[in-house]
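The values are calculated or read from the model by the stated rules, or taken from the named source; none is laboratory data. Model, not experiment: these values are computed from the prediction. Cβ coordinates were reconstructed from backbone atoms using ideal geometry, including for glycine residues, and neighbour counts include every protein chain displayed. Keep in mind that these areas ignore ligands, DNA and RNA; they rest on the heavy atoms of the full protein, side chains included. Shrake-Rupley method; radii C 1.70, N 1.55, O 1.52, S 1.80 Å.
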Amino acid sequence: MDNKKGRTSWLKRKFGFNVLLIIPLQVVLNFVLIVPFALAIYLSLTNWSPITGTWYTSPIVGADNYVSILTTLRFQQAIYNTLVIVGGAVTLEFVLGLVLALAFFSWDFRGKSIFASFFLVPMMVIPAISGFTFQTIFATQGALNDVLTRISGTAVAVDWLHVPSSALLAVILADAWQWTPFMFLLMYAGMTALPSDPIRAARVMGATERQIFRRIMLPMLRPIITIALIIRSLEAFKIFDVPFIMTQGGPGTTTETISIFLYKFAIEFARVAWASAGAIVIFVAIVFVTLWASKPLLPKAE
Amino acid sequence: MVDSEEADIENEQFFKRRMTRRQAIAKATAAGAAIGVAIVAGAGGYFAGTSVSPGKSSTTTVTTTATQATTSAVSLGATPADRAVNAVNALKASGAIPAGAKIRFLEAAFRAGNMTPTAGQTRTDPYTGKVIQNSINMLTKWNDLTGVPVEMDLLNDLQLYDKAISEATTKAGTWDFLGQRIDFLVDFINSGVALDLTAFEAKYVPEIRTGNCPVTPVFAQGYYTSDGKYWGFPGCGDWFSYYNRRDLVTNPKLQSAFETQFGYQLPVQGPDTWAQVLDMAKFFDMYKGSEQTLPDGSTATLRGSYFFRDNWFSNIEFRIRFLELGGLLFDNNKNVTLDNAITRQALTDMKALTSYQVKDAFTSSWPTMYPNYSNKQVFQTISWASVAQFAASGPVGGQGFGVYQTPGYLVNNKLIRVTVLYDQTSYIIEKYGKLTSVVPDVPFLFGQWLTDPEISTQELANPGAISDYFRTCHGQDERMIATFFAVWPPNPGIEPGRRGAAEAFDVQFQSLCGTWQMAGMHELQDLWGTQMNAYFTGVQDVDTSVKNMQSGTDGVMDRLGRDAQFQRWQHVVQTFPPALKVLHGIS
């Protein structure tokens, strides 16, 4: 009895009662996260496919899947395509979001809140729907060509979605349309939360608006910009719905993203073990990139 | 064991917050550990296939054999439908069917019009304004006869594959009756999700290969594996038919202009060769753009052709051309033989046609195509056979579509035509379905009833049906001919004087080749389609595409068993049409 009491006291001293209370939840979370993750790692070391047998009898093939997937051109192209989409879309979203936020922050006009709400609408659209909408816009006989035909007076029939470069561009624009409001929201919230004293002081000392923005606001916004870019990049890295609906990864595989690639091979072609290796590779890469990107935000060691 | 009174006191204390911290920690830890253990058990069960899944709370022993025969097939009834209904009623009377049982049916959304849920409703034809009765409600009819309801869920047909494989993985399922593409059947068999129907066939005799109206042999071949086992019911014998603007090809001025340009007569009866298809596409594509003037004085905005070029259809057209040119997937040494001149020619010819195509062909779907065709914006197109009934009701319909056979290639001065079944659909019984697990006879008998010669004719011979004929008597049935003839024009491409669609089917049966049934067909079709479309759209050259097709196919064959795949290919070879068998010296 005494021993038991002593042990609890030690735990209480060590962690505190509040920490002890969350242990059960942590245990559950660990099982939810760690067990599937461990299974994915295990499967990636086998050659299991649902169409060839059961997972637990599937032979271990070691790192074969990793070697195979890393040397597969289609996987490499999926990574490249995803990086192009992430780079293009997130940059566009950031620039547009920042400009819009600055405009809202700097100018007072009637109906500002209504406009702000209006800007947020694309974010609420289901990505599959926005993908379909943009497919309709960029179809050869779609809205964009129709508008260009009316403007130019000659028949315009650009094949936006089956020329590799324009297909990628179309996907980037669709993503930017949907997620620029998110950037706008974060930037605008960040700007309204900035302390007003340094800005007022700079203004009194004769700084121009441009100088105030570049030298005062932007440095103070840096943490929120970093967070916004990390969140959006991580999300964009997983992009699936929009390119899947607009181009199905084509023409060829020029708009096939990592998510589409993994979906096709894991789910459609039942190559679960092989695709698991791909997913693990991507996971590890994302963890490293995220740690690197968030380094400036982390507290520095004394 | 905790006394209930004690438990009540404990609960009261808990809610009155009189519980000590130690008690709270102990209870929370125990609860967390229990949940953790449950999750591990659940995950283990999921992968071990002990049917721990939504809707199933305990391990299920799956029944995979037919119930003991108590009566002979003949005594159950004269037709497959009679036997099915009587057998279900007998099972019901014996108490073998649990109360509240229902058949869960997962069907491809595009086929739903065949039987439900739009069945029994009417629709207004957008072109003619006529009110058309959609399909009769087959599922209600079955329920009336047997008292076993059928609940249908709809999905994209490719997603059906994913669902089936998922259920094979978990060895626990929701659906009993699954509509699927026949070329995926091997994966379903290998994954264990498809129920072996051999014993059921022997017991209830659905007359797939027997009787007065068997399933067309080339289709039926798709439901039997090389070891003679039987795995599925026919749903639709899909293949391409080819259509062009009959009003244009019969115009004397256009005929004259074509002959001047190409040195031979415009093939009024439909092109025999792919070279003629290309010439016709070139000729009529001259009138694209803004209201060009045709030689007959009318104006038109016209593209040369609209043959689908999404991965799936490119792949099917490639297979047609590849076989017609004399290509075989394997040589006698079990080597994949895609990296050769035949593949290159097939792809190069397809790309040539692409220049005269509506560009949306790469990304479009059927609803996009129809307006193009019926609004006179496309000269020629493909479609599955029965679909023309909808297109024919458009403004062009009154002037007549030309429907013609699959074009061919001249090999050794002999015209070889091959029609590849591209989407032959089947119904399999899912081994892990809820009702199947208990009494598998019932979903089997539903399939037997649905595909009975008479019932399937009722199903197909109505303007709402979208599936093609699959039994030999379908083409001769007056109801079927009346329906199709009512909306189809006389067919100029088959034999003058004969009546429309039904004859087209008869003739086209002669060039049909069975479905390419091999393991991993889903992956192979994606691989081939992706690679050839990369070439068609200028992403890479033909050599790269062909080499990638070869190496990717080799990879699939090695991974899934080259010997077994070769055997399956031999099974396909046996379904080759006569001309192709002669070409390859196959007896």
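Here the dipole of chain A is about 1340 debye; that uses its Cα centre as origin and unit charges on the Cβ of Lys and Arg (positive) and Asp and Glu (negative). Would you work out if the stretch A:224-286 is rounded, prolate or oblate? Take a ≥ b ≥ c from the square roots of the eigenvalues of the alpha-carbon gyration tensor; rounded if a/c is under 1.5, else prolate when a/b is larger than b/c, oblate otherwise. Oblate. Farthest towards the positive end of the charge dipole of the stretch A:1-153, among the residues A:115, A:126, A:21, is the Cα of A:21, using unit charges on the Cβ of Lys, Arg, Asp and Glu. Counting only protein chain heavy atoms and rolling a 1.4 Å probe, the accessible areas of B:264, B:224 rank, largest first, as B:264, B:224.
Each of A:240, A:291, A:195 was placed along the dipole of the stretch A:187-294 (beta-carbon charges, centred on the mean Cα), and the one lying farthest toward the positive end is A:195. For residue A:32, the accessible surface of its heavy atoms amounts to roughly 70 Å² (probe 1.4 Å, protein chains only, rounded to the nearest 10). For the stretch B:214-264, the dipole from Cβ point charges (+1 on Lys and Arg, -1 on Asp and Glu) about the Cα centre works out to 140 debye, to the nearest 20. Could you tell me the distance between the Cα centroids of the stretch A:89-148 and the stretch B:188-226, to the nearest Å? Cα centres, the stretch A:89-148 to the stretch B:188-226: 55 Å.
Which pairs in the list B:163/B:229; B:334/B:431; B:141/B:434; B:282/B:334; B:141/B:431 are over 31 Å apart, alpha-carbon to alpha-carbon? From B:163/B:229; B:334/B:431; B:141/B:434; B:282/B:334; B:141/B:431, over 31 Å: B:334/B:431; B:282/B:334. Take each residue of peptide A:42-54, count the partner chain Cβ atoms within 10 Å of its Cβ, and average: the result is 5.
Can you figure out the FRET efficiency of residue A:25 with residue B:293, using R₀ = 60 Å and their beta-carbon distance, to the nearest 0.05? So, using R0 = 60 Å, E works out to roughly 0.20.
From the square roots a ≥ b ≥ c of the eigenvalues of the alpha-carbon gyration tensor of chain A, which class results: rounded (a/c under 1.5), prolate (a/b over b/c), or oblate? Oblate. Here is the interface size for A with B: some 3500 Å² of accessible area buried, both sides summed, with a 1.4 Å probe.
Evaluated at q = 0.09, 0.15, 0.17, 0.18 Å⁻¹, a Debye calculation over the C-alpha positions of the stretch A:90-247 (equal weights, vacuum) places log10 I(q)/I(0) at -0.40, -0.88, -1.01, -1.07.
In terms of its alpha-carbon gyration tensor, the stretch A:146-222 comes out prolate; a/c meets the 1.5 threshold, and the first ratio a/b outweighs b/c. A simple rule links phi to the HN-Hα coupling: the Karplus curve 6.51 cos²θ - 1.76 cosθ + 1.60 with θ = phi - 60°, which for the stretch B:311-328 gives 3, 5, 6, 4, 4, 5, 5, 4, 4, 4, 5, 4, 5, 4, 7, x, x, 10 Hz, with x for Gly and Pro. Computed over chain A, relative contact order equals 29 percent, with contacts defined as Cα pairs under 8 Å that lie 6+ residues apart.
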